[in-house]
Structures are given as C-alpha cells and as structure tokens.
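Data block below; observations after.
The values are calculated or read from the model by the stated rules, or taken from the named source; none is laboratory data. No experiment lies behind these values; they were computed from the predicted model shown. All Cβ positions, glycine included, derive from the backbone under ideal geometry; neighbour counts span all protein chains shown.
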C-alpha cells in the first residue's frame, strides 16, 4: 500500500468497513509483530501487546490526524504497549544495550529453532548469532528485514532519528558478522 | 577480495531474513484476533481511548517505578473521562478505584478473562471493584446516564 492507499484504507475502516480493517492488519501486522517481538516478552505477553496495539487503533480510528502515517503511529504504539507490559511485569528496561549482551530471557518462549526443520546449518548459526545481538540491534534488523520497511516506521518503533538508522544498521551487521566468526558475512 | 560494505551488508541482511522468516511472522491466531477486534467498534458502547498512564507518562524511562506510587490511568470518550487508580494493598489485594468526570450515576460491569463482576457507580461518579492479583487485560463497561462507555486496560 502506498501512503494514499493507506490513508484511504484508514478512513474506510473508520467509517466501519471491516474489509479495510483487515487490510490494515494484513499490511502492518508483520511490522507490529516485529516491533513487539524485540522485547522478549514471551509468547503470551507478546501476543497480548500486539492485540492491545490494534485495540488502541480501534479506539483511535476516528482521532488519527495523519491517516497516511498510521504505520508510524502503530510502530510507536507497539513500542509503548511493549514498554507498558515490561513495566507491569517488573522487568528491567534495557536502555543502553550496546553495553550488554542480554541472554537473560527464558529459553523456549519462541519456537525453538531446533524443534523446527532448520535445514541448513548456516541458518541455525545465523539464528544463534542473531539471538546473541543486543536487543536494539535485533529490533532494528527485524524491522529492516520486513519487505520494504518505511524508515519513518522504523524510527518510530525504535525511538531513533531516521539519520542514525543507516549507521546503526551497519554497526549491528558488523557485530553479527563477528558473532558468526568472521567468515566474511555472506 | 574485499566487497563494498553496503553490498556485503545487504547480502547478510537478506540471508538473515531468509533464516528467520519462518519464526518471525505473526502467528495466524494473533492476526485473526487482531482482525476480530474491529467488532469492538460496533458493540453497544463507545470505546474510550487511553490518554494517560502514569506507568509510561509520568517519569523518565530510566527511572524504575516503585510500588509506592499508585498507578493512574485516564480514558476519554466524547466529553466524558474515566479516571482509574490501581490500589494494591498487601492484605486486601488489588482494587480498581474509578471516577467518572463529569460525575454520572449508573453501574458497571468488569470483565476479566471469562468472568463478569458488577458494581454501582455512585452519585458522584465513583466506583470500586476488586482486581485479580496478576496484571492482565480488563474490560469495563460503564452505563452512566444515557451513555455506555467501554474501557479496556492492562492493569
């Protein structure tokens, strides 16, 4: 969806068109999921945060002032709802993740790669290395792996200036490469 | 021997994308539930929007919240606000104390999980209901005056 389509779809949903709402969920669902998954909340709480994010949009469909920017609005809302859940659960919020490699999450909260068919050994090693990245790197790379991510949404999701997305991307990929054991990346 | 960093990065990112694709899509039940949420617009109550939550809006992100400060939330629907305070008493458990502004009399239903509890909204717009021990999503349906207002909160 381009921005005009997005704006029109939001307006149709606000007018009560359920198909338009479904189109919004299909169009932005991966992004909302990717933002939320970055907080290592566990399957149930991640799903809860995603639902709450969409519910906030239902509540605010009539009040959205820039319907073309609903993606950035959803990204911001998903981040805030995830933070709310983190705080409710009394977990520490990682603010400076470059300074730590957190591996303190409960294992098995997301599908265990071992339990699925990870055909290539390379895939498994990529997954392992990815999981060892700092939270912010994983959040950023997750978003950038979406099909045609909009930088405004990435910036909103991570509360980061658009201008620092590129340099951070490079730093995170460099780190991933080192975690992979310097085989020159791809 | 030394590829340009950008191309190298693009290739690595795309390879990572392939490796993680299986695990990083929203599960079908989550997507279905999100689509289902739209019906909340057509239920027989106005859905009030969350406009303030002390958990997020009150303090710098770096400061860890303590148990000392009660949690405050404000929801707004057209011309009417619902203010909520979560009280946690170690002996008596958790309670939700609310105020309808401007004051209206009526009653409310609290839906938590599958269970529904009822309570009055008194003549100055106040109400009190018990909350479960664990934070979770609740739904309040307030019938005050001629209005029916729905509030969904994670408390």
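Residues in the range A:19-54 that are surrounded by fewer than 22 Cβ atoms within 10 Å (Cβ to Cβ) and facing chain B (nearest Cβ under 8 Å): A:22, A:26, A:29, A:30, A:47, A:48, A:51. In this entry, residue A:11 passes the filter for residues that are more than 15 Å from residue A:149 (Cβ to Cβ) and more than 7 Å from chain B (Cβ to nearest Cβ). Test residue A:92 against the criterion of being modelled with pLDDT of 80 or more, within 22 Å of residue A:135 (Cβ to Cβ), out of contact with any helix residue (DSSP H, G or I) (no Cβ under 6 Å at 6 or more places or on another chain) and within 13 Å of another protein chain (Cβ to nearest Cβ), and give yes or no. When the stated conditions are applied, residue A:92 does not pass them. Does at least one position in the range B:120-134 carry a residue that is surrounded by 17 or more Cβ atoms within 10 Å (Cβ to Cβ), within 14 Å of chain A (Cβ to nearest Cβ) and either in contact with a helix residue (DSSP H, G or I) (Cβ under 7 Å, 6 or more places away or on another chain) or at pLDDT 95 or above (or both)? The answer is no; no qualifying residue exists. It is to be established whether one or more residues within the range A:165-181 are more than 13 Å from every other protein chain (Cβ to nearest Cβ), at pLDDT below 95 and in contact with a helix residue (DSSP H, G or I) (Cβ under 7 Å, 6 or more places away or on another chain). No. In a strand (DSSP E or B), more than 12 Å from chain A (Cβ to nearest Cβ) and modelled with pLDDT under 95, is that true of residue B:148? Here the answer is yes, as residue B:148 does meet what is asked. For the range A:148-164, filtering for residues that are surrounded by 14 or more Cβ atoms within 10 Å (Cβ to Cβ), modelled with pLDDT of 90 or more and outside any helix (DSSP H, G or I) leaves 1.
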